[in-house]
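Heads up: the structure comes next, in structure tokens.
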Amino acid sequence: MVVRRPPGRRAQILAVAADRFHRSGYHQVSMAEVAAGAGITAPALYRHFRGKPELLDRAVRLGLDALACGLRGARTTRDLGAALAAVAVGHRPLGTLVQRDARLLPPARRAALRRELRADVALMTAVLRAGRPELPGPDAELLCWSALSACTGLSYQSAAPQPRRAEAVLRDLVAAVLAACPGDAALATVRAPVPDPVAHGTPEPRPQARREELLAAAVRLFHQRGFDNVSTDQLGAAVGISGPSVYRHFDSKAQLLAASLVRSRERLWQEVDGAFAAAAGPEAALVAGLGAYVGFALRNGDYLGAMLSETERLAPPDRRVAVDFRRDFLRIWVGLLRRVRPEYDAVEARIRVHALFALVNDGVRNRPHSARPDLGDCLLHLGRAVLGLPGTDGGRVPAPR
């Protein structure tokens, strides 16, 4: 007797795996959980996929294939916005899978995924420059990467908004980003100063004790390699001590991860809250907060990366604290944005704020653009466009050519 597999079983499994990885993190999900979500047994799952690495790889590729397919048919920037928005909504886990989990794949697969993304951005850049031939190539690429990053912000929302509404807001965001002018002359009228942490009473951290050195090294190594790929010997070597000596300062590697994220979180809040408090009125506060966030990101890209990639590795109590901080931080920004742009409801404001954070977090870590000397100004300008602040056409731009 021949047992026929239901049509689309592999696609169903990949959808379940992508959702589980997205919600809980790759390391927290077992093959048995994926099998149960797909309504099959674990042995049956292994008949489709050899293991979790293949599941992750295929789940990412499914989303990237959809993105490439949509972009290949794009002829205008309006088409680009429609393609990016459709993939962001239809493959909502893709952002977190690419930014957080794909680095756990073997090096050859990571390199292949990166090549696919670069090819997608090359397609976008060609379309953008056809409509804006005056735009230099590096500026056009920066805008395309930024539009892609802004759309991944949807992955980090705890609840999915209504699809049509989300697509409409994302299309507006992409249009605003692709209409921006990254050049210095265009930025002169909208530039906001990136705060000096000393001026705000939060001195630039200078590790003066071994514990502080370990916290700084841990953030860097956990971001670059992942929590499970960093040993205590590597942590010790980074600050000139032996691996066992790490335990004189922290009881475990998990405690070191938690402490490093707490310390960085406190610094982020000090800088942004200081900028908010010193501003006169909600619009000034939003602009000052944007400057503070960009300034922090430029100096602390490793922390932002570790926050995104390693929060799921924390013990449950520490993870709850980190998630609560993120939720409260977002709520403050959403509230400010709605005071400045009262026509935005809570759904649109949340999408825009998530898009802002994703754009900045990616921008400071995405080479070669992260090496631009004017990157801070570019991110300030693009952040204003994403939020729809005055001076950027409120996020609504003329119909693309």
Looking only at the stretch 110-152, and only at residues there that are under 20 Å from the mean Cα position of the chain (by Cα) and basic (Lys, Arg), the one that is surrounded by the fewest Cβ atoms within 10 Å (Cβ to Cβ): 115
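Got a sec? Which of 383, 335 is open to solvent by 10 Å² or more (accessible area, probe 1.4 Å), part of a helix (DSSP H, G or I) and closer than 20 Å to residue 287 by Cα? Spell out how you get there, then give the answer.
Working: 383 fails: open to solvent by 10 Å² or more (accessible area, probe 1.4 Å).
On inspection, the qualifying residue turns out to be 335.
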Given (1) free of Cβ contacts under 8 Å to residues at least 60 places away in the same chain; (2) under 19 Å from residue 13 (Cβ atoms), index of the condition residue 92 fails: (1)
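Residue by residue, here is whether (1) within 30 Å of residue 253 (Cβ to Cβ); (2) among the basic types (Lys, Arg); (3) out of contact with any Phe, Trp or Tyr (no Cβ under 9 Å at 6 or more places or on another chain) holds:
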| position | (1), (2), (3) |
| --- | --- |
| 308 | yes, no, no |
| 315 | yes, no, yes |
| 321 | yes, no, yes |
| 324 | yes, no, yes |
| 330 | yes, no, no |
| 333 | no, no, no |
| 340 | no, no, yes |
| 348 | no, no, yes |
| 361 | yes, no, yes |
Whichever residue in the stretch 342-356 is touching a Leu at 6+ places or on another chain (Cβ under 8 Å) and not small (Gly, Ala, Ser) and, among such residues, is most open to solvent (accessible area, probe 1.4 Å): 350
First in the stretch 342-362 and among the β-branched types (Val, Ile, Thr), second anywhere and not in a helix (DSSP H, G or I), Cβ under 7 Å, 6 or more apart: 347/161; 351/161
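Could you check, for the stretch 300-308, whether at least one of its residues is in contact with a Leu (Cβ under 7 Å, 6 or more places away or on another chain) and surrounded by 16 or more Cβ atoms within 10 Å (Cβ to Cβ)?
If we filter the stretch 300-308 for residues that are in contact with a Leu (Cβ under 7 Å, 6 or more places away or on another chain), which is where we start, we get 306-307.
Cutting the leftovers down to surrounded by 16 or more Cβ atoms within 10 Å (Cβ to Cβ) gives us 306-307.
For the stretch 300-308, residues in contact with a Leu (Cβ under 7 Å, 6 or more places away or on another chain) and surrounded by 16 or more Cβ atoms within 10 Å (Cβ to Cβ): present.
Of the residues 264, 245, which single one is more than 27 Å from residue 110 (Cα to Cα), open to solvent by less than 30 Å² (accessible area, probe 1.4 Å), modelled with pLDDT under 90 and touching a helix residue (DSSP H, G or I) at 6+ places or on another chain (Cβ under 9 Å)? Walk me through it before giving the result.
Working: 245 fails: modelled with pLDDT under 90.
Exactly one residue qualifies, and that residue is 264.
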Pairs where the first residue, in the stretch 201-227, is among the charged types (D, E, K, R) and modelled with pLDDT under 50 and the second is open to solvent by 60 Å² or more (accessible area, probe 1.4 Å) and assigned to a helix (DSSP H, G or I), C-beta under 8 Å, 6+ apart: 204/299
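The values are calculated or read from the model by the stated rules, or taken from the named source; none is laboratory data. All of these numbers come straight from a predicted model, not from anything done at the bench. Quick reminder, even Gly has a Cβ in these numbers, built from the backbone with ideal geometry, and neighbours come from all protein chains shown. These accessible areas exclude ligands, DNA and RNA; they are computed on the full protein's heavy atoms, side chains included. Shrake-Rupley method; radii C 1.70, N 1.55, O 1.52, S 1.80 Å.
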